[in-house]
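S.K.: Before I ask anything, here is the structure I am working with.
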């Protein structure tokens with residue numbers, strides 16, 4: 001079930017009550033949370049829970065074998081590596097089957113067709129389970145952390161709670177074992193729920209997802225991207241800006257709701273966004289956008305590849321491979337590969353410029369106001385260039401959009417004042433000082449229960465009145 | 001000694017020193033069977049302890065509820081019994097102060113445990129949090145009950161709809177009686193929301209079409225009836241053919257590339273009006289006949305391409321009677337609605353190309369689409385000016401079955417359907433667009449090419 005629905009509101013009310021009523025009884029609480037999470041996941045399709053169960057068993061079994069190999073000192077290193085490799089290969093194999101088989105089969109088939117050979121693989125479209133990329137990556141991080149001896153293997157029930165916990169199950173954040181497993185074991189105080197911060201996250205998340213993202217998508221993004229040849233340069237420009245706002249509002253809104261729900265249950269999730277459109281470079285952007293994914297790619301892909309410890313070419317290669325695979329993680333299409341390649345190339349170029357400057361003995365340029373503004377505007381537009389490929393139906397469609405962006409100037413009826421204000425307002429909101437938000441949360445926390453309820457009820461009313469009819473599709477949930 | 005699952009604890013791992021051993025095999029006894037044995041043994045132990053905890057939890061819950069009731073009764077009735085109850089106005093003031101005045105800064109809410117964290121924010125107990133949530137929900141329901149009731153009435157017939165209406169009807173009456181629902185109604189009017197969406201218009205004369213809705217189809221003006229349809233003149237850039245594409249979510253998938261391809265001919269002015277989750281079965285949810293009427297008045301379309309039906313196999317109420325899908329009465333009522341929709345389009349002199357639903361991956365849905373296509377084809381034959389075009393052959397394999405992948409013009413296999421096996425992919429939409437344009441050429445004696 002999706003977060004902004006009545007179904008989830010009723011489900012969460014039950015889960016919240018069960019969480020706190022049962023929390024003194026550790027085992028009962030764990031089973032109740034597993035049951036609630038599996039019910040949540042089965043709402044899409046009951047068959048998905050079999051996959052989730054299988055991933056849990058593979059992660060738990062693999063961790064036990066790695067740890068057991070560690071304990072037996074006579075057979076350590078290679079045995080542990082084989083156990084890790086086998087478990088991770090199984091998990092990534094499951095992900096590859098469900099997510100990439102169709103893509104691989106079609107491309108191999110077309111390649112063999114162009115070479116005059118027969119079909120290499122049967123063409124099948126495998127149903128993509130919701131959230132598979134997220135919980136598979138969490139399972140891999142758990143296994144690697146056990147291998148690196150950062151954490152000890154947990155009991156099966158704890159691993160099941162960790163991987164299936166419904167706030168993060170469908171669309172992250174990608175929480176690590178060392179962050180969540182100790183919280184599962186630790187006592188949580190039912191008298192000290194940070195309700196005001198959770199309410200802010202949920203209310204802001206609903207507003208961003210239901211109001212901002214839906215409006216921008218229907219007003220300009222979907223019409224332009226579905227028929228690019230019929231729109232002028234200004235419409236395409238604002239559709240690209242609009243998509244930047246749409247994907248940020250949609251995804252950050254969803255993870256804010258997830259973090260807020262976890263906070264209401266007494267769990268602290270890592271932040272996933274930190275005003276990404278205020279970034280001054282692509283490297284800075286990836287420290288602010290989908291933070292948990294970029295951390296995962298850094299720790300479990302970039303560093304094992306060698307990171308920046310080798311030559312310049314090795315470092316550049318590692319950056320590009322990491323970003324391309326990160327792009328492919330988002331979807332099985334060449335447009336996502338192109339998106340990853342743009343970010344990889346951009347980071348390599350930026351890093352090379354800084355390196356040459358320091359090697360030439362020149363001091364870094366001073367951070368003047370106009371320089372900072374220029375960096376932010378430049379980085380935002382480079383990110384928007386990547387979004388063209390991320391959103392386009394195909395590479396050809398992306399090419400048409402970019403060509404018309406430069407060549408086709410004319411009237412732009414879709415660029416209305418409300419569209420411009422919404423996009424500008426959404427980007428400007430990223431510059432809100434954090435202290436102002438903390439002040440608002442503090443003032444809210446001082447209100448009595450009835451007053452807080454009335455404020456939240458009116459906020460919900462504003463969201464449902466301004467939002468569209470029905471539930472807008474959520475961009476990231478099929479990843 | 002091997003650790004049991006219940007004894008494992010978290011600790012900071014200490015770095016270990018390798019002793020240089022190089023044998024590859026895992027320790028004896030370690031493997032899948034060992035893992036399974038450990039898991040089963042651990043699970044059995046956990047279940048025994050869970051049974052014990054469940055008994056304790058239920059016992060404490062009952063005792064706690066009894067205790068709370070006693071305290072509440074003593075607190076409210078005790079002073080009254082002893083004649084020490086304050087006056088009603090003073091009592092009301094005390095209650096309002098207790099429930100509405102903000103907490104003083106830095107002082108705990110009457111609890112021995114300080115509740116504000118490092119940021120100074122006051123924390124809540126979980127029951128207070130639940131109370132806030134229930135209160136928020138109640139406030140929202142009171143204001144928005146009429147809107148929610150209309151949504152519930154338009155939802156698929158069944159137990160869920162009936163349960164929602166039982167709750168929402170009295171709330172809606174209360175909301176309307178005390179005037180709270182006017183806030184939402186006023187906001188909808190200010191925002192210009194009439195339940196309809198944005199209509200995309202593209203083509204050589206598209207910019208001349210003025211935006212803005214003409215109003216609800218419920219107040220439709222009468223249009224001149226047309227017994228015979230005048231032949232279509234060959235369109236030119238100066239006098240483009242005006243085409244309207246309507247549909248549901250499949251119509252959304254198909255419509256973008258379709259109007260794009262039409263406008264690329266340079267002699268077509270194409271408008272797209274498609275809405276997800278809609279159809280002809282539930283006019284209480286979305287009034288397609290009214291929407292079509294408004295579009296025809298506004299765009300003066302000469303041709304209408306219809307691509308909907310995937311949401312229609314559901315029960316609906318017709319003439320006060322609930323009709324179950326699959327019954328002859330349902331089919332007759334649905335056929336009447338399809339016929340009325342066709343008449344609405346042709347009444348203005350427009351031609352209609354009704355594109356049938358494609359095959360589906362799900363066998364049950366596939367059978368339903370085939371049944372609907374029979375109705376569309378039959379009604380098209382009975383209405384002059386309406387041509388039926390089957391998309392079945394466009395999306396099926398050599399056996400006439402559902403196909404996820406089909407070869408494109410250069411022989412490469414492309415995905416023509418989305419992974420859900422229902423919706424149409426961009427490549428599939430392009431394929432169908434070309435076939436529909438060819439069908440328009442054949443049916444109306446045109447030649448629509450760039």
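Quick note: the coordinates plus some simple rules give every number you see, no bench work behind them. The shown structure was predicted, so the numbers you read here are calculated from the model rather than taken from an experiment. Counting neighbours? That spans all protein chains shown, and the Cβs are built from the backbone with ideal geometry, glycine included.
S.K.: Sort A:418-429, A:312-323, B:239-250 by the packing proxy (mean of other Cβ within 10 Å over each peptide's residues), most packed first.
M.R.: Order by mean packing, descending: B:239-250, A:312-323, A:418-429.
S.K.: Based on the Kirkwood radius over alpha-carbon pairs, what value in µm²/s does the Stokes-Einstein equation return for the translational diffusion coefficient of segment A:155-307 at 37 °C and 0.692 mPa s?
M.R.: 188
S.K.: Beyond 19 Å, what percent of the Cα pairs of segment A:273-376 remain?
M.R.: Tail of P(r) above 19 Å: 49 percent of Cα pairs.
S.K.: How many times 2.2 N^0.38 Å is the alpha carbon radius of gyration of segment A:64-162?
M.R.: Here the Cα radius of gyration is 1.45 times the empirical estimate.
S.K.: Could you tell me the distance between the Cα centroids of segment A:402-456 and segment A:1-75, to the nearest Å?
M.R.: 35
S.K.: How large is log10 of I(q)/I(0) for segment B:392-433 at q = 0.16 Å⁻¹ when the intensity is taken from the Debye formula with one equal scatterer per alpha-carbon?
M.R.: -0.33
S.K.: Another one. How far apart, in nm, are two points set 7 Å out from the Cα along the Cα-to-Cβ line at residue A:117 and at residue B:169?
M.R.: 6.8
S.K.: For the pair residue B:317/residue B:399, report the inter-label distance in nm, with labels modelled 7 Å from Cα in the Cβ direction.
M.R.: According to this spin-label approximation, the distance is 4.4 nm.
S.K.: Right, next: Using the 10 angstrom Cβ neighbour count as an exposure proxy, how do A:33, B:357 rank, fewest first?
M.R.: Ordered from fewest to most neighbouring Cβ atoms within 10 Å, A:33, B:357 come out as A:33, B:357.
S.K.: Per-residue Cβ counts within 10 Å, from other chains only, averaged over A:457-466: what number is that?
M.R.: Rounded to a whole number, the mean comes out at 6.
S.K.: Something else about it: Would you calculate a helix-derived [θ] at 222 nm for chain A, using -39,500 (n - 2.57) for each DSSP H run of n ≥ 4 and dividing by the full residue count, to the nearest 500?
M.R.: -22000 deg cm²/dmol
S.K.: Next question. Over the Cα atoms of segment A:195-466, what radius of gyration and what Dmax do you get, in Å?
M.R.: 20.5, 64
S.K.: Along each of its three principal axes, how wide is the spread of alpha-carbon positions in segment B:127-190, in whole angstrom units, largest first?
M.R.: Answer, in whole Å and largest first: 37, 33, 20 Å.
S.K.: Translational diffusion coefficient, Stokes-Einstein: compute it for the protein assembly as shown using the Kirkwood radius over C-alpha pairs as Rh, at 37 °C and 0.692 mPa s, and state it as an integer in µm² s⁻¹.
M.R.: In µm²/s, the coefficient is 105.
S.K.: So, R0 is 22 Å and r is the distance between the beta-carbons of residue A:127 and residue B:364; what FRET efficiency does that work out to, to 0.05?
M.R.: 0.85
S.K.: Moving on to the next point. Evaluate Rg over Rh across segment A:289-435, taking Cα atoms for both radii and Kirkwood's formula for Rh.
M.R.: 1.02
S.K.: Note the full-extension length gain between residue A:407 and residue A:359 as 0.36 nm times their separation in residues minus their Cα-Cα distance, in nm to one decimal.
M.R.: 13.2 nm
S.K.: Next question. Suppose R0 equals 35 Å; then what is the FRET efficiency for residue A:349 and residue B:412 from their Cβ-Cβ distance, rounded to the nearest 0.05?
M.R.: 0.55
S.K.: Now for a different question. So if R0 is 56 Å, what FRET efficiency would residue A:309 and residue B:183 give, r being the distance between their Cβ atoms, rounded to the nearest 0.05?
M.R.: 0.35
S.K.: Give me Rg/Rg_expected for segment A:367-479, where Rg uses Cα atoms only and Rg_expected = 2.2 N^0.38 Å with N residues.
M.R.: Here the Cα radius of gyration is 1.52 times the empirical estimate.
S.K.: Could you tell me what fraction of 2.2 N^0.38 Å the Cα radius of gyration of chain A comes to, as a two-decimal ratio?
M.R.: So chain A has a normalised radius of gyration of 1.03.
S.K.: Let me ask you something else. For Cα pairs less than 8 Å apart in space and 6+ apart in sequence, what is the mean separation divided by the residue count of segment A:71-196, i.e. the relative contact order in percent?
M.R.: It comes to 23 percent, rounded to a whole number.
S.K.: I would also like to ask the following. Give the order of A:334, A:286 when sorted by the count of other beta carbons within 10 angstrom, beginning with the fewest.
M.R.: Ordered from fewest to most neighbouring Cβ atoms within 10 Å, A:334, A:286 come out as A:334, A:286.
S.K.: What is the distance, in nm, between label points placed 7 Å from the Cα along the Cα-to-Cβ direction at residue B:325 and at residue A:108?
M.R.: Distance between label points: 3.8 nm.
S.K.: Let me check I have the definition right: for segment A:6-185, take the eigenvalues of the Cα gyration tensor, multiply each by 5, take square roots. What are those semi-axes in whole Å, largest first?
M.R.: 33, 26, 10
S.K.: Now, a different point. Determine the equivalent ellipsoid of segment B:353-450 by diagonalising the alpha-carbon gyration tensor, then write out the semi-axes as square roots of 5 times the eigenvalues, largest first, rounded to whole Å.
M.R.: Semi-axes, largest first: 23, 20, 9 Å.
S.K.: In peptide A:440-448, what is the residue-averaged number of other protein chain Cβ atoms found within 10 Å of each Cβ?
M.R.: 6
S.K.: Here is a follow-up. Quick one: A:359, B:38, fewest Cβ neighbours within 10 Å first, how do they rank?
M.R.: Ordered by Cβ neighbours within 10 Å, fewest first: A:359, B:38.
S.K.: Quick one: the Cα spread of segment B:200-444 along its three principal axes, in angstroms, biggest first?
M.R.: For segment B:200-444, the Cα extents along the three principal axes come out at 53, 44, 31 Å.
S.K.: What percent do you get for the relative contact order of segment A:260-388 when only Cα pairs under 8 Å and 6+ apart count?
M.R.: 25
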